[in-house]
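K.L.:
Take this structure first; my questions come after.
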Amino acid sequence: MHREMSPLNLDERVNIVLTPQYYTVKKEALPVKYLHQAKRIAPSLFDGFLEVDKVFNYLVYQEGERWVFIAYCLADIQVFLAEKGLLAWTGKIFFAEQFVNCLKEPILLGEKEALSVVEGEVVVVPKHFLSTECSLSTFPSCSIPKSGVKLGSTSNDSLSLKQTLFFSTLFFLFALLFGMEALRYKQGGTQERERLAELSTEYPRLQSAIQRESIAQKYQTIDKQERLKRDAIKHLSELIFKGVDVTFLRCTTQSIEAQCECKSTKVAKRFLLLLKNSYFPHAHLNGTTIQIKENL
Amino acid sequence: MNLRAYQNSAIVLFFALLMVGAMLFKGMVSKEVRVEREKMAQELAQIEQIVQLQHLWRDKSILKKLKRLEKFGTASTRKWSLRGKKLVATYTSLSAKSVNRLINKILNLAVQIERLELKKEGEMYRLEFVCKW
């Protein structure tokens, strides 16, 4: 494809080869081993050579010991292809430089120019510069180079289309997974909600937190006090053994009082020891009488 | 900067941000739900505790159970006064065995004991019991 060619009318997808009118080439022997390293330094090699207001992409490949860097403006190429009616039918784009070993003879480009290899590089030269008559007017059949440019996938991106697809799918799946998990979380706790609703219907007074708090406080106090009273009486009755007689017992909300008569001082001392080691540390002995008074 | 030149990175970045957003959303929802569930569990526990306590200390059949105490002893040794939700009962001439039985019965009733007084009179016992419910 060259600038002067007339528009084409195609009905199938084709690969095209662009003349140097649409790219800039640099060949350098650089101490880099891998393609991605070469791609990374490509923009710096063309510093000052390219128009600053355009976005350039780079095709890089190795040719013997040297690296070949081709800078091209995709926007310009797309405009050109659209003008020639080829934009929709373009498969892969190659550059004439990639066919440098194929071009044995110059190729005629229109009436005034020709594509020729000069000092190992493919260039466009005026027809009258050629020393011999152009014998070829069509492109020679050569093997297709490995690297080419596909419209829509070209960019200075460090990510290829495959990588983009892989990572995008992966991230999307994770996003989906997280979203689904969030929904699952939201739907959880229905059992508690239902039970709560059930209890609220059954006990409407307990719906308000303040009222609930006050009712709970009331019953908790009653429960605590009553259990204390019962525990104190039960403890005392458990400690009483043969020879100990309860002569007085009074249990109120505030305290428990008791008086016990013992058969002998020995029994009284034993009983006192039992009392002091359990629920009644303030019990005291008076002869054979034991007085108990504890606050509840 | 031409965005088209970095469209692959932009697409990946978009999906990465989508994933991060979804992750944050999940974290937020999980925290929200956890807090809500904790609150609900606390509320449920409180309501259930109140219901249990009410069931215990506001037993509707308590009067029936209390009336069984009325049959204890004989009419001459018993003074029984039931007014509203308050009971004042006095038992005299009780043997030690009867006292034990009566106190056990009283302690097993879910009433608020205001006063329980036991006094030995000779060989017998006198018991005064005031409670409400």
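K.L.:
Going by the structure shown, is B:V29 part of a helix (DSSP H, G or I), among the β-branched types (V, I, T) and either assigned by TED's automatic domain parsing to the domain that holds B:R83 or out of contact with any helix residue (DSSP H, G or I) (no Cβ under 9 Å at 6 or more places or on another chain) (or both)? Spell out how you get there, then give the answer.
P.N.:
Details: part of a helix (DSSP H, G or I): yes; among the β-branched types (V, I, T): yes; either assigned by TED's automatic domain parsing to the domain that holds B:R83 or out of contact with any helix residue (DSSP H, G or I) (no Cβ under 9 Å at 6 or more places or on another chain) (or both): no.
Criteria not met by B:V29.
K.L.:
Right, here's the next one. Across region A:65-93, what is the number of residues that are part of a helix (DSSP H, G or I), among the aliphatic types (A, V, I, L, M) and surrounded by 17 or more Cβ atoms within 10 Å (Cβ to Cβ)? Before the answer, list the steps.
P.N.:
Taking region A:65-93 first, the residues part of a helix (DSSP H, G or I) are A:74-83, A:87-89.
The next check asks that each one be among the aliphatic types (A, V, I, L, M); those that pass are A:74-75, A:77, A:79, A:81-82, A:87-88.
This time we only want the ones that are surrounded by 17 or more Cβ atoms within 10 Å (Cβ to Cβ), so: A:74, A:77, A:81.
Adding up the residues that qualify gives 3.
K.L.:
Do you know which of the residues in region B:93-133 that are touching a residue at least 40 places away in the same chain (Cβ under 8 Å) and either in a helix (DSSP H, G or I) or touching a helix residue (DSSP H, G or I) at 6+ places or on another chain (Cβ under 9 Å) (or both) is nearest to the other protein chains (Cβ to nearest Cβ)?
P.N.:
B:Q112
K.L.:
Can you give me the number of residues within region A:187-209 that are outside any helix (DSSP H, G or I) and within 9 Å of another protein chain (Cβ to nearest Cβ)? Let's see the steps before the verdict.
P.N.:
Residues of region A:187-209 outside any helix (DSSP H, G or I): A:188-189, A:203, A:208.
Narrowing further to those that are within 9 Å of another protein chain (Cβ to nearest Cβ): A:188-189, A:203.
Adding up the residues that qualify gives 3.
K.L.:
Among the candidates A:R212, A:R227, A:R250, A:R184, which residue alone is at the interface with another protein chain (Cβ under 7 Å from one of its Cβ atoms) and either assigned to a helix (DSSP H, G or I) or aromatic (F, W, Y) (or both)?
P.N.:
Going through A:R212, A:R227, A:R250, A:R184 in turn, the sole match is A:R212.
K.L.:
So, of the residues in region A:94-108 that are part of a strand (DSSP E or B) and at pLDDT 85 or above, which turns out to be surrounded by the fewest Cβ atoms within 10 Å (Cβ to Cβ)?
P.N.:
Among them, the one singled out is A:F94.
K.L.:
Mind listing whichever residues of region A:51-64 are assigned to a loop (DSSP other than H, G, I, E, B) and surrounded by 16 or more Cβ atoms within 10 Å (Cβ to Cβ)?
P.N.:
Filtering region A:51-64 down to residues assigned to a loop (DSSP other than H, G, I, E, B) leaves A:51-56, A:64.
Passing the criteria: A:V55, A:F56.
K.L.:
Assess whether A:E238 counts as being crowded, with 18+ Cβ neighbours inside 10 Å, among the acidic types (D, E) and under 28 Å from A:N295 (Cβ atoms).
P.N.:
On the way: crowded, with 18+ Cβ neighbours inside 10 Å: no; among the acidic types (D, E): yes; under 28 Å from A:N295 (Cβ atoms): yes.
No: the conditions fail for A:E238.
K.L.:
Next up: Which one is nearest to the other protein chains (Cβ to nearest Cβ), of the residues in region A:230-243 that are in contact (Cβ under 8 Å) with a residue 12 or more places away in the chain and in a helix (DSSP H, G or I)?
P.N.:
In this case the residue turns out to be A:I233.
Listed here are the residues, each with its yes/no results for (1) at pLDDT below 90; (2) outside any loop (DSSP other than H, G, I, E, B); (3) facing another protein chain (nearest Cβ under 7 Å); (4) surrounded by 14 or more Cβ atoms within 10 Å (Cβ to Cβ).
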position	(1), (2), (3), (4)
A:P140	yes, no, no, no
A:K146	yes, no, no, no
A:L159	yes, no, yes, yes
A:Q163	yes, yes, no, yes
A:F166	no, yes, no, no
A:F172	no, yes, yes, yes
A:L176	no, yes, no, no
A:M180	no, yes, no, no
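The values are calculated or read from the model by the stated rules, or taken from the named source; none is laboratory data. These figures come from a predicted structure and were not determined experimentally. Neighbour counts run over all protein chains shown; Cβ positions are idealised from the backbone, glycine included.
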